[in-house]
Amino acid sequence: MKNRRAVFKLTSLILVTAVVFFLIIQNHDAEKVRPVPAADLRDSANNLFYSTLNKIETILKAVEKVPQQIAISLEDTSRTKENLLSLIRQSVENNPEIYGAAIAFEPYMFDPDALYFAPYFYKHGDEIKFTYIGDEAYKYFSWDWYKIPKEKNEPTWSEPYFDGGAGNIVMVTHSVPFYCEVKGTKKFMGVVTADISLAWLQKMISSIKTTETGYAFLLSKKGTLITHPRQDLVMNHTIFSLADEFNQPEFRNLGKSMVNGETNFVAKKNIFTEEDAWLFYAPLPSNGWPLGVVFPQNELLAGVDKS
């Protein structure tokens, strides 16, 4: 009888231990598969998104400084033509992100006999090329990159455009108006520009890695795709035309939110792959272009699990 009681106690102890061990394992497995809180997803995406935004913003700010500094220097009206040409050339040579730069004067402001005066340096392969822009076929003072900063009296970024007759590529331009004082009055004299090649901008943004297959894309203020991994979409689509083509009405509302300068983090299926994804978007501080970053859900979850 004593042996039986001992065996019974031992068996009971083993059984209780096994049950406790089973409950511990079950609880551990439940912890592993518990849903990841939305706040964790947002924090992970937020860090990746703003890292991407800051890299792009750093480039754009560097571009902006070049024409701003030239515009300030042009307040000294004693500069010669040679000084101007040297100043523009050095700006293009010393700034790899800049495709071309110009100083475009108001009619007859630099030379009383010249309707057009706009020296322009730009990159062509490994060379720096030079030309004067402005003639009856290219009336630069009627182009938006010249008119808008003149009318607003402030620096502006252009919409993307093909610059036929000058750079002859698809580009975006940062334009800064410059002035001189005439009899105590500030007088508009022209515009200093710095151009970015859209192809260069696309290459730069595509080199920024968020997750393994995640990607960033830029829209203009009108919703035109400035950069995107699918080259066939760039300059050929807006976010609104994509909504129509893929029969995704909710993307039209998304587009309105983006071009209105809003910031958001939303769950969206990737319209190209149908995979579950998250989209974080916000405007760039320098020019208001909407930046979007697409995070495949499985890769974002993996990033959260590692953190």
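Derivation of every value follows stated rules applied to the coordinates shown; laboratory data play no part. Predicted model only: the values in this text are computed from it and were never measured. For neighbour counting, all protein chains shown are included, and Cβ atoms are generated from backbone atoms with ideal geometry for every residue, glycine included.
A few comments on the model shown:
- Cα-based helix-to-principal-axis angle, 297-306 vs the chain, degrees rounded to 10: 70
- Integer Hz, Karplus 6.51/-1.76/1.60 couplings in order for segment 147-160, x for Gly and Pro: 5, 5, x, 5, 6, 8, 6, 7, x, 9, 9, 7, 5, x
- Scaled radius of gyration (Cα, divided by 2.2 N^0.38 Å) that segment 125-271 gives: 1.28
- Dipole moment magnitude, nearest 20 debye, segment 155-307 about Cα centre, only Lys, Arg, Asp, Glu C-beta charged: 680
- Start at zero, step by 20 Å, and the Cα-Cα distances of the chain spread as 28, 41, 18, 7, 4, 1, 0 percent across the bins.
- Angle of helix 2-33 to the longest C-alpha principal axis of the chain, folded into 0 to 90 degrees and rounded to 10: 10°.
- Rounded to 10°, Cα long-axis angle of helix 81-93 versus longest principal axis of the chain: 20
- Relative contact order (%) - the chain, alpha-carbon pairs under 8 angstrom, separation at least six: 15
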